[in-house]
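**Student:** Have a look at the structure that comes next, please.
The values are calculated or read from the model by the stated rules, or taken from the named source; none is laboratory data. Fair warning: this is a prediction, and the values are worked out from it, not measured in the lab. Backbone-built Cβ (ideal geometry, glycine too); neighbour counts: all protein chains shown.
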Amino acid sequence: MILQSLRLENFGLYGGEHCFELAPDADGKKPVVLVVGHNGAGKTTFLEAVRLALYGKRALGARVGQVEYERHLLKRINNFATKRSASVELAFKSQHLGNEDMYIVRRSWAARGASVAESLEFERNGAPVDDIPSEDWNHYFEDIIPAGVSQLFFFDGEKIQDIADDQENTGLTDAIKSLLGIDILDQLRGDLSLYKSRSMDREGDSDLENLGRDLEVAKSDLVLAEEEIGSLSAKRTQLARRSEASQKVFEQEGGSIALSRDTLSEELKRVENDLTKQTNALKSLVNGIAPFALAPKLLAKFSSDMEKARGQQSAPAIEAFVSSFQEAVGRDDTNWTKAHFARLRNFFDSRQSSAPKMALSTEPDWVMAKFAQIADERVKMATIAAQLGELQKQRTHLKDQLKNFRPGAASGAFEDLKKAEFELGTVETELNRKHAEATQARARVERLERELRKSQDAVFALAKAEEKRDLATRAQAALNDYEERIVALRLASLSKHFVEAFSGLVTRKSLVSDVIVDPNTFQLTLLGAEAREITTSELSAGERQLFAISMLWALGQTSGRELPMIIDTPLSRLDRQHRTNLMANYMPRSSAQVIMLCTDTELTPDLSDIITPYVSRRFEIGAVGGGQRTEITVLDPEQGAQVLETTDAR
């Protein structure tokens with residue numbers, strides 16, 4: 001994994017937008033990237049931004065809650081930013097399915113009162129990563145660089161000092177456990193124990209014999225009920241036929257009529273009343289204009305004559321209007337002459353009919369309105385006529401039924417019918433009861449069959465659970481054996497890498513010949529010449545610093561991960577010789593990419609000369625303008641003060 005760039009926007013001391021191009025040279029001869037600045041310029045903020053981009057909330061610790069995390073994000077928004085929002089973006093190259101791909105992860109957030117709205121973007125080779133669900137992106141980052149392992153590659157002077165001052169080596173013990181995966185093995189053992197405990201809790205006795213006996217009884221009850229249903233169904237069929245035959249005899253003897261004589265009499269009265277009403281309605285129509293519907297030709301001629309009579313009646317009114325108009329206009333309007341009025345009268349006379357005038361006793365319009373109603377009257381007559389025909393048929397049928405009535409003729413047939421119906425009803429009631437019993441028996445059989453299958457499955461599951469518990473026990477033993485072997489191999493590798501690094505950094509080259517790590521407690525024991533035990537209190541302050549750096553480097557090498565190294569202010573507590581050894585022997589070969597964050601007082605000219613041949617990029621950072629803006633200067637590593645680029649953001 002190689003970091004390509006880090007882009008910050010309104011993050012901490014970095015107001016505005018800034019970008020660090022971090023990729024080392026392609027041939028690998030210059031793996032070091034220097035970020036130089038005075039105290040408070042933003043070096044630690046740089047390291048924090050990398051961890052925040054990769055881990056989000058977990059960058060603050062495994063037990064940090066969401067509220068605390070949001071409060072931290074609010075504090076990391078630059079105080080002088082015009083917008084209450086910030087972001088960190090990290091680009092890096094990493095192997096994926098055998099290919100080296102370019103990844104970009106960007107976390108941004110904006111203040112929403114006392115909380116924040118956070119978003120996460122993840123790209124691979126310029127396109128959003130869609131083969132991994134967005135909710136699993138954080139887990140993917142953890143797979144690339146586990147948070148526990150990252151402390152071996154991303155660390156600062158305070159962590160180095162804590163390890164150097166820790167006489168009990170508690171910090172190193174936790175780091176070694178994380179490196180070896182002991183915490184994962186412990187969790188696996190705990191999960192296996194919990195599984196065994198829970199599988200034993202689920203065990204229980206299943207009384208298969210009792211369930212089988214109850215199931216047989218229920219099946220017997222069901223068979224008996226179904227046999228009785230068959231017998232009753234046959235009996236019901238016979239009684240139904242007997243009832244049907246009695247019904248026919250009863251009807252043949254006039255029984256139906258006898259039972260309904262009063263009803264038939266009432267129905268006959270109603271029909272006769274309806275006949276009287278419809279007859280009167282028809283008479284009323286005949287006394288009106290309805291008969292005209294029987295002579296359509298005569299009606300058409302009469303309508304034509306009425307139209308002419310209406311025109312003849314209007315002639316006197318028109319003549320009176322013309323005369324009145326002539327008197328009113330002729331005197332004053334010279335445009336109207338007597339010739340004009342003569343022609344007007346001639347025109348009107350030419351439009352008058354030469355037929356003899358008809359004498360009417362009423363208005364023609366009233367007569368024409370009556371003619372318009374004749375079509376509706378025709379429909380009414382047809383409707384009444386159809387109803388009269390139907391009522392007459394009903395009256396004839398009812399009279400025929402009443403004519404055949406003989407009192408007492410069907411009393412014997414009626415008694416037979418009642419008896420047949422009673423017996424049929426009794427059988428149907430019993431049949432319904434047996435159907436209900438059969439339904440209950442069938443439901444009980446199904447329930448017992450389910451319980452039996454469940455119990456059989458439980459017995460089988462108990463056997464499988466016992467087998468799985470045996471496998472879990474064997475797995476626990478295998479984990480213990482695996483732990484012993486992997487711990488032995490890893491600790492041997494750790495000891496080798498530590499001695500190699502420490503001997504290359506300290507001035508007393510033969511001070512430490514070996515380091516022993518207890519496989520149970522993970523406590524460190526340094527061995528000097530002739531296998532003499534050396535305590536860390538015997539080391540000088542500078543040697544303890546180098547002890548911590550060497551152990552972190554050895555842990556990183558033992559992890560087998562090719563990750564970049566980010567070191568914040570590692571030189572502040574070292575003397576000149578140890579600084580020289582660190583710059584000459586550790587920085588150039590600790591990783592394929594080493595990002596060193598140091599103060600301008602740490603990087604003295606002589607140390608700069610030592611490290612410069614291995615430096616691919618150099619940045620100088622500093623807060624200017626009273627701390628209201630940040631300035632990043634990109635320098636040529638070979639030329640020192642030559643400015644290649646300046647980023648000045650407000």
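**Student:** With respect to Ala409, determine if the residue is among the small types (Gly, Ala, Ser), closer than 28 Å to Ser265 by Cβ and either touching a Lys or Arg at 6+ places or on another chain (Cβ under 7 Å) or at pLDDT 85 or above (or both).
**Tutor:** Considered against the rule, which asks whether it is among the small types (Gly, Ala, Ser), closer than 28 Å to Ser265 by Cβ and either touching a Lys or Arg at 6+ places or on another chain (Cβ under 7 Å) or at pLDDT 85 or above (or both), Ala409 comes out as no.
**Student:** Here's something else I'd like to know. Do we have Thr439 as more than 30 Å from Glu272 (Cα to Cα), β-branched (Val, Ile, Thr), out of contact with any Phe, Trp or Tyr (no Cβ under 8 Å at 6 or more places or on another chain) and at pLDDT below 75 here?
**Tutor:** Criteria not met by Thr439.
**Student:** Which condition from (1) outside any loop (DSSP other than H, G, I, E, B); (2) modelled with pLDDT of 80 or more is the one that Ala592 breaks?
**Tutor:** (1)
**Student:** Also, quick follow-up: Going through Ile567, Ile516 one at a time, which residue ends up being modelled with pLDDT of 80 or more, closer than 25 Å to Leu34 by Cα and not charged (D, E, K, R)?
**Tutor:** Going through Ile567, Ile516 in turn, the sole match is Ile567.
**Student:** When region 261-319 is examined, which residues are found to be at pLDDT 75 or above and basic (Lys, Arg)?
**Tutor:** Of everything in region 261-319, those that are at pLDDT 75 or above and basic (Lys, Arg) turn out to be Lys269, Arg270, Lys277, Lys283, Lys297, Lys301.
**Student:** I'd like to check something: does region 3-25 contain any residue that is over 30 Å from Met583 (Cα atoms), polar (S, T, N, Q) and modelled with pLDDT of 90 or more?
**Tutor:** Looking through region 3-25, at least one residue is over 30 Å from Met583 (Cα atoms), polar (S, T, N, Q) and modelled with pLDDT of 90 or more.
**Student:** Quick test for you: out of Leu194, Leu239, Leu224, Leu179, pick the one residue that is closer than 30 Å to Ala554 by Cβ and either modelled with pLDDT under 80 or assigned to a helix (DSSP H, G or I) (or both).
**Tutor:** Leu179
**Student:** Give me the pairs, please: first residue somewhere in region 467-487 and in contact (Cβ under 8 Å) with a residue 40 or more places away in the chain, second residue anywhere and of a type in the set (Phe, Trp, Tyr), beta-carbon distance under 7 Å, and either six or more positions apart or on two chains.
**Tutor:** Listed by first residue and then by second, the contacts come to Ala472/Tyr195.
Yes/no per residue for (1) touching a Phe, Trp or Tyr at 6+ places or on another chain (Cβ under 6 Å); (2) surrounded by 15 or more Cβ atoms within 10 Å (Cβ to Cβ); (3) without any contact (Cβ under 8 Å) to a residue 24 or more places away in the chain; (4) not in a loop (DSSP other than H, G, I, E, B):
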site	(1), (2), (3), (4)
Ser510	no, no, yes, no
Glu530	no, no, yes, yes
Arg544	no, yes, no, yes
Leu555	no, yes, no, yes
Glu562	no, no, no, no
Ile566	yes, yes, no, yes
Leu582	no, yes, no, yes
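**Student:** If you check Arg573, Arg650, Arg629, which single one turns out to be surrounded by fewer than 21 Cβ atoms within 10 Å (Cβ to Cβ), farther than 27 Å from Gly16 by Cβ and either at pLDDT below 85 or of a type outside the set (A, V, I, L, M) (or both)?
**Tutor:** Arg573
**Student:** Checking Leu644 against (1) at pLDDT 80 or above; (2) closer than 26 Å to Lys93 by Cα; (3) hydrophobic (A, V, I, L, M, F, W, C), which single condition isn't satisfied?
**Tutor:** Of everything listed in (1) at pLDDT 80 or above; (2) closer than 26 Å to Lys93 by Cα; (3) hydrophobic (A, V, I, L, M, F, W, C), Leu644 misses just condition (1).
**Student:** Same structure, new question: Within region 412-432, is there a residue that is at pLDDT 85 or above, hydrophobic (A, V, I, L, M, F, W, C) and in contact with an Asp or Glu (Cβ under 6 Å, 6 or more places away or on another chain)?
**Tutor:** For region 412-432, residues at pLDDT 85 or above, hydrophobic (A, V, I, L, M, F, W, C) and in contact with an Asp or Glu (Cβ under 6 Å, 6 or more places away or on another chain): absent.
**Student:** If a residue counts only when it is surrounded by 21 or more Cβ atoms within 10 Å (Cβ to Cβ) and over 42 Å from the mean Cα position of the chain (by Cα), which strands (runs of 3 or more DSSP E) contained entirely in region 1-47 have at least 2 such residues?
**Tutor:** 32-37
**Student:** Modelled with pLDDT of 85 or more, acidic (Asp, Glu) and surrounded by 11 or more Cβ atoms within 10 Å (Cβ to Cβ): is that true of Glu203 in this structure?
**Tutor:** no
**Student:** Same structure again: Please name all residue pairs, on different chains or six or more residues apart, with Cβ atoms under 6 Å, provided the first residue is in region 16-28 and is in contact (Cβ under 8 Å) with a residue 60 or more places away in the chain and the second residue is in a loop (DSSP other than H, G, I, E, B) and not basic (Lys, Arg).
**Tutor:** Pro24/Pro31; Pro24/Gln593
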